[in-house]
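Engineer: Submitted below is the structure of interest, expressed as C-alpha cells.
Computed from the coordinates by the stated procedures, all read-outs in this text should not be read as laboratory data. Quantities reported herein were computed from a predicted structural model and do not represent experimental measurements. Don't worry about glycine lacking a Cβ; one is built from the backbone with ideal geometry, like all the others, and counts go over all protein chains shown.
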Amino acid sequence: MRIETTRSAAAVRLQHAAAFHGSDSDLLDQLVPLADTALRAGEAVALALRPATEQALVERLGSTTGLARLHQPESADTASGQTAAGRRAMELREITSTTGAPVTVLAEHTSRLDGVDGGFWTELDAALNVALAELPVRVTCFFPELPLHLEILDGAHRNHPLLLRAGQLRHNPQHIGPREVLTTRPAPPPVLLGPPDLRMEFSAWQLHEVRTAVEQALEAADYGRERAEDVVLAVNEVATNAVEHGTPEARLSIWTGPGGLVCEIDDGGTLRDPLPGLQAPHPAEARGRGVWIARQVCDSLHVWVDARGTHVRMRATP
Amino acid sequence: MTRTVDDGRSVAHACAVPVSDEQLWEMTAEFVAAGLNRGEQVVYFDDGTADHVLERLTDDCVAVSPSIEDGSLAIVPPDATRTTLRSPLLAVAEIVSATVDGAVAQGFSGVRLTGQFNYALQRAGGVSLAEYDAVFDDVTRERPVRVLCLYDRRRFPEGAIDEMRARHHTELVVPAIYDDGLLRITGTGPATARVAGEVDHSNRPRIRRLLEATLDEALRSHAAPTDITLDLSSLRFLDVAGAVSLVHAAEEFPSSHRLVLAGVRPRVLRVLDRCGAPFAAQLVVRPRTDVESGVGAR
C-alpha cells in the first residue's frame, strides 16, 4: 500500500547552515538573495546582524517589510550562549506561531561577543541546535573567513549540519551533535562575582528555606508580586533539580545589585544533559519542565560543569 | 482528665496543641469565624501572627474587613498583648471582665478570646502562663466568654505544653490526613480535601497518594460524588512537578470522574497553566475569587 503524503505534511524543521565571507560586500552579496527568496515566498526574515550590516541589507532590499530583528546579548561579560539560544527560540516560536510559515533567520558573527576565546559562538550554535530543533526555521550563520579566534571556525564547522557555498547548501561532513560538541568544549563558567550577599547549604527538606531567602532578597528591590513569585519558582526548580539529580546537599548563593538579582545553585553532581531546559518538554514527560520554565522566567540562566560539580547561575531583573 | 473534642466552635474554655503553623491558622480561623457567625465579639491577642490568621479567614471566605470595621473582630496589637501578659492577675481579670461587659452592653451575645500567649512564658510580670489561664477559667464561669488557648509546638516548649494541657478540661483535637509543618492536608467531606501550605519536592508524593486514595474511595461508593475536589485556597506554593502530577492525575482519572481544584490562588494558577492544566479534559481549575483584595493572599 502506498501512503500519500502532502507537501505540507513534510514540514520544515530546523535547517542550520554556516556561511563564510571574505569582506562586508561579499557578506551582503550572500545575504541579499537569501532574504529576497524568503520575502518573495511571503515568509518572514528574522535578523541577528551587526547594525551596519543590517542597515546595508535594508538599503539593498529597499524596505523593512517582512523583516524582524532578533535580540542580541548586550555584552560579552554577561553573554551566555545557551541563554541567547533560549531567548532566540522564544522569539522565533512567537513569529512562527503567528505567521504559521517557516522563518528565515540571517545571523552574523560579531567579535563584540567573542569574550576571551570566541567560545561563546560554539556554545550558542550548539544550544541553537537543541533549542530550535522543533521549529520551522532556516538559519544561516555568517562567519568571517579569518576570525580572530580559531575556535570560531572550529565551532562553526562542528555545529552546522549544512554549509552554504556559492549559493548552494551542502552537507557538512564535520558536523557533530550538540552534546558531543559540548563534551569536547563545555559551556564556559560565567564571570567571577565577588562574595555573595547570602550563601546557604540546603537539602531536599530545606527548599522552603531557599524560597524564603530568595523572597527576602526580592522584597528589598522593586519586583512586583507576580514577577517575584515567578523568580522564586525559577530558583526553586533549579534548586530542586540540584538535590534531586545532583547531590543531597547543594548550595545557594545570592547577589543583589543594580543588574538585578543573581542566584547561583551549586551541587556536586554531573549533568546527563549538558543543556537542560532548552527544549519545550513533551506534555507527557514529567521531568525537564522545571528548568524549561526557569529559563522562560529568568533574564539569563547559564549551566556549566567543572571538577567540583554542576553550577547554574540565574539573573532576573524586576 | 482532659476531654477531647473535634469541633472547637462552641467550647467554653479549651486548649489546643497545633502541630504546625498551618494548623494554628486553621484552628484560630475556625474559632474566630464561629464567633463572628454567632454575633459574638472576637478578641484576638496578636503577637506577630494576626496577618496569617486574617489571610486564612480570607481563604475561608470570611469577610474580614467589615468585621474589623464594626468592631466584632478586635485585634489587640502585639505591644498591648505583651503589656497584658505582664500585668498583675487582678488587672487582667478586670480587663477581661470589662471587655465582656462592654461587649454585651454593645449588643454582642458574648466574647471569644484567643491569640498568641507565648510571651507569658517569659514571666515578665512575674506571673506564669498557668496563673493567667486560671484567670480566664474564672471569667468563663461567670460571663459569656469562650477562650481557645493555643499552645503550638513551634512556640511552646514540650514541658509547658504538658503542663497547660493538664490544666484544661477540654482539648480541641482536629485530625489531619497529613501534616509535615509545610503542607497540611485535611479531609473536609466526601471526596473533598483541603490542601494548605506549600507543595515541593519534600512532600509532593503525598498529593499523589491523597488523590489515589480519594479516587479509590469514590469509585467504590455509589453515593460518592464524581468530582474529586481539592480546596487549594490556602495553598501558597506549588512546584512544577507538583503541578504536573495534578495534571497527569486528572488525565488518568476514569472518564466518569473529574479532578476539581477550587479556590486556586493566582500564583498556583500560573504554575498550573504552564504545566498544561488548560488542556487536561478532566481537570477543572476554579480560580479564587477574592471578595476582599487588601488582605494578602499570595
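Engineer: So what are the range A:207-267's ellipsoid semi-axes, whole angstrom, largest first, if each one is the square root of 5 times an eigenvalue of the alpha-carbon gyration tensor?
Structural biologist: That gives 21, 12, 9 Å for the three semi-axes.
Engineer: At 4 °C and a viscosity of 1.567 mPa s, what translational diffusion coefficient does Stokes-Einstein give for the range B:3-172, taking Rh as the Kirkwood radius over Cα pairs? Give it in µm²/s as a whole number. Please report the intermediate quantities before stating the final value.
Structural biologist: Details: Rh = 15.8 Å.
This corresponds to a translational diffusion coefficient of 82 µm²/s.
Engineer: Another question, if that's okay. Please turn the phi angles of the range A:247-259 into ³J(HN,Hα) values with the Karplus equation 6.51 cos²θ - 1.76 cosθ + 1.60 (θ = phi - 60°), one per residue in order, whole Hz, x for glycine and proline.
Structural biologist: 10, x, 10, 9, 10, 10, 10, 10, 10, 10, x, x, x
Engineer: Hey, another quick one. How much space per residue, in cubic angstrom, does the convex hull of the C-alpha atoms of the range B:145-228 take up?
Structural biologist: Details: hull volume 12.8 nm³, N = 84.
Taking the convex hull of the Cα positions in the range B:145-228, it is 153 Å³ per residue.
Engineer: Within 10 Å of each Cβ in peptide A:219-227, how many partner chain Cβ atoms are there on average? Round it to a whole number, please.
Structural biologist: Mean partner shielding for this stretch: 1.
Engineer: Taking chain A as the reference, fit the longest principal axis to its C-alpha atoms, fit the long axis of helix A:81-99 to the helix C-alpha atoms, and give the angle between the two in degrees, 0 to 90, nearest 10.
Structural biologist: 60
Engineer: If amide hydrogens are placed 1.01 Å from N in the peptide plane, which non-local residues have theirs closer than 5 Å to the one on A:LEU132?
Structural biologist: none
Engineer: Here's another thing I want to ask about it. Given 0.36 nm per residue, what is the gain on full extension from A:ASP77 to A:ARG170 after removing their alpha carbon distance, in nm?
Structural biologist: Numbers: separation 93, 0.36 × 93 = 33.48 nm, distance 3.48 nm.
Between A:ASP77 and A:ARG170, full extension yields 30.0 nm more.
Engineer: With a/c under 1.5 counting as rounded, go ahead and sort the range A:15-184 into rounded, prolate or oblate using the C-alpha gyration tensor (a ≥ b ≥ c being the square roots of the eigenvalues; past the cut-off, prolate if a/b is larger than b/c, else oblate). Please list the in-between numbers first.
Structural biologist: Numbers: a/c = 1.41, a/b = 1.26, b/c = 1.12.
Rounded, since a/c falls under 1.5.
Engineer: To check you understand DSSP bridge types, tell me what percent of the beta bridges within chain A (both residues inside) are antiparallel, rounded to 5.
Structural biologist: On the way: 28 of 52 bridges.
Antiparallel bridges: around 55 percent, rounded to the nearest 5.
Engineer: Can you sort A:VAL243, A:VAL105, B:VAL76 so the residue with the fewest Cβ neighbours within 10 Å comes first? Before the final figure, lay out the partial values.
Structural biologist: Numbers: A:VAL243 23, A:VAL105 29, B:VAL76 20.
With the sparsest Cβ surroundings first, the list reads B:VAL76, A:VAL243, A:VAL105.
Engineer: Here is a further query. Could you tell me which GluC sites (Glu not before Pro) in the range B:91-157 are loop residues by DSSP with no more than 16 other beta carbons within 10 angstrom of their beta carbon? List each step's numbers first, then the result.
Structural biologist: Numbers: sites: B:GLU94, B:GLU131, B:GLU142; in loops: none.
Answer by residue number: there is no such site.
Engineer: Under the definition of Cα pairs under 8 Å and six or more residues apart, what whole-number percent is the relative contact order of chain B? Don't skip to the answer; put the middle values down first.
Structural biologist: On the way: 539 pairs, mean separation 61.8, N = 298.
Normalised by residue count, the contact order of chain B is 21 percent.
Engineer: Averaging sequence separations of C-alpha pairs under 8 Å and six or more residues apart, then dividing by the length of the range A:254-318, give the relative contact order as a whole percent. Could you put the intermediate results ahead of the total?
Structural biologist: Details: 101 pairs, mean separation 26.4, N = 65.
Contact order relative to length: 41 percent.
Engineer: If amide hydrogens are placed 1.01 Å from N in the peptide plane, which non-local residues have theirs closer than 5 Å to the one on B:VAL284?
Structural biologist: Residues meeting the amide H criterion: B:LEU259, B:VAL260, B:LEU261.
Engineer: Take every residue in peptide B:199-207, count the Cβ atoms of other chains within 10 Å of its Cβ, and give the average of those counts.
Structural biologist: Values: counts 0, 10, 11, 8, 3, 1, 0, 0, 0.
The per-residue average across the peptide is 4.
Engineer: Based on the Kirkwood radius over alpha-carbon pairs, what value in µm²/s does the Stokes-Einstein equation return for the translational diffusion coefficient of chain B at 10 °C and 1.306 mPa s?
Structural biologist: Estimated via Stokes-Einstein, D reaches 77 µm²/s.
Engineer: Could you tell me which of rounded, prolate or oblate describes the protein assembly as shown, using a ≥ b ≥ c as the square roots of the eigenvalues of the alpha-carbon gyration tensor, with rounded for a/c under 1.5 and, failing that, prolate when a/b is larger than b/c and oblate otherwise?
Structural biologist: Values: a/c = 2.89, a/b = 2.33, b/c = 1.24.
Because a/c hits 1.5 or more and a/b exceeds b/c, the protein assembly as shown counts as prolate.
Engineer: Relative to the longest principal axis of the C-alpha atoms of chain B, give the angle of the C-alpha long axis of helix B:50-59, reported between 0 and 90° and rounded to the nearest 10°.
Structural biologist: Value to nearest ten degrees: 40.
Engineer: Still on this model: If you add up the charges near A:LEU148, with Lys and Arg at +1 and Asp and Glu at -1, over every other residue whose beta carbon is less than 14 angstrom from its beta carbon, what do you get?
Structural biologist: -4
Engineer: Find which of B:PRO175, B:ALA160, B:PRO190 sits farthest along the positive direction of the dipole of the range B:156-204, computed with +1 on the beta-carbon of Lys and Arg, -1 on that of Asp and Glu, about the Cα centre.
Structural biologist: After comparing all options, I get B:PRO190.
Engineer: Under Stokes-Einstein, with the Kirkwood radius over Cα pairs standing in for Rh, what whole-number D in µm²/s applies to the range B:178-287 at 4 °C and 1.567 mPa s?
Structural biologist: Details: Rh = 13.6 Å.
Approximately 95 µm²/s, per Stokes-Einstein.
Engineer: Among A:GLY269, A:GLN296, A:ALA280, whose Cα projects farthest towards the positive end of the dipole of the range A:250-300, with charges put on the beta-carbon of Lys, Arg (+1) and Asp, Glu (-1)?
Structural biologist: A:ALA280
Engineer: Taking each residue in A:240-247, count the Cβ atoms of any other chain within 10 Å of its Cβ, then average. What number comes out? Walk me through the intermediate numbers first.
Structural biologist: Details: counts 7, 2, 0, 2, 2, 0, 0, 0.
Mean shielding count: 2.
Engineer: Order these by the 10 Å Cβ neighbour count, fewest first: B:CYS15, B:CYS61, A:CYS298.
Structural biologist: Working: B:CYS15 22, B:CYS61 14, A:CYS298 26.
Fewest to most other Cβ atoms nearby, the residues stand as B:CYS61, B:CYS15, A:CYS298.
Engineer: Take peptides A:177-186, B:234-243 and line them up by average Cβ neighbours within 10 Å, highest first, as a rough protection proxy.
Structural biologist: Details: A:177-186: 16.5, B:234-243: 24.3.
Order by mean packing, descending: B:234-243, A:177-186.
Engineer: Sort largest first and round to whole Å: the equivalent ellipsoid semi-axes of the range A:209-318, each the square root of five times a Cα gyration tensor eigenvalue.
Structural biologist: Working: eigenvalues 97, 53, 29 Å².
Working from the Cα gyration tensor, I get semi-axes of 22, 16, 12 Å.
Engineer: Separate question: Among DSSP beta bridges lying fully in the range B:178-287, give the percent that are antiparallel, nearest 5. Numbers along the way, then the final one.
Structural biologist: Numbers: 8 of 23 bridges.
Bridges in the range B:178-287 are about 35 percent antiparallel.
Engineer: Rounded to whole Hz and in sequence order, give me ³J(HN,Hα) for the range B:172-178 from the Karplus expression 6.51 cos²θ - 1.76 cosθ + 1.60, θ = phi - 60°, writing x for Gly and Pro.
Structural biologist: So the Karplus estimates, Gly and Pro as x, are 8, 10, 10, x, 10, 6, 7 Hz.
Engineer: Round to a whole angstrom and tell me the spacing of the C-alpha centers of the range A:8-73 and the range B:94-151.
Structural biologist: Using only Cα atoms to place each centre, the spacing works out to 78 Å.
Engineer: By how many degrees, 0 to 90 and rounded to 10, does the Cα axis of helix A:51-61 deviate from the longest principal axis of chain A?
Structural biologist: With both axes taken from Cα atoms, the answer is about 30 degrees.
Engineer: Rounded, prolate or oblate: which one fits chain A, using the alpha carbon gyration tensor with axes a ≥ b ≥ c (rounded when a/c is under 1.5, else prolate when a/b beats b/c, else oblate)?
Structural biologist: It comes out prolate by the Cα gyration axes.
Engineer: Now, a different point. Gain in length, B:ASP7 to B:VAL19, computed as 0.36 nm per residue apart minus the alpha-carbon separation, to one decimal in nm?
Structural biologist: Working: separation 12, 0.36 × 12 = 4.32 nm, distance 1.68 nm.
Length gained, B:ASP7 through B:VAL19: 2.6 nm.
Engineer: Sticking with this structure for a sec: Within the protein assembly as shown, what percent of beta bridges assigned by DSSP are antiparallel, to the nearest 5? Can you show the working numbers first?
Structural biologist: Numbers: 36 of 98 bridges.
Roughly 35 percent of the DSSP beta bridges within the protein assembly as shown come out antiparallel.
Engineer: What residues have an amide H closer than 5 Å to that of A:VAL105, excluding those fewer than 5 places away on the same chain, when H is modeled at 1.01 Å from N in the peptide plane?
Structural biologist: Here the answer is A:ALA46, A:ARG138, A:VAL139, A:THR140, since their amide H atoms fall under 5 Å of that of A:VAL105.
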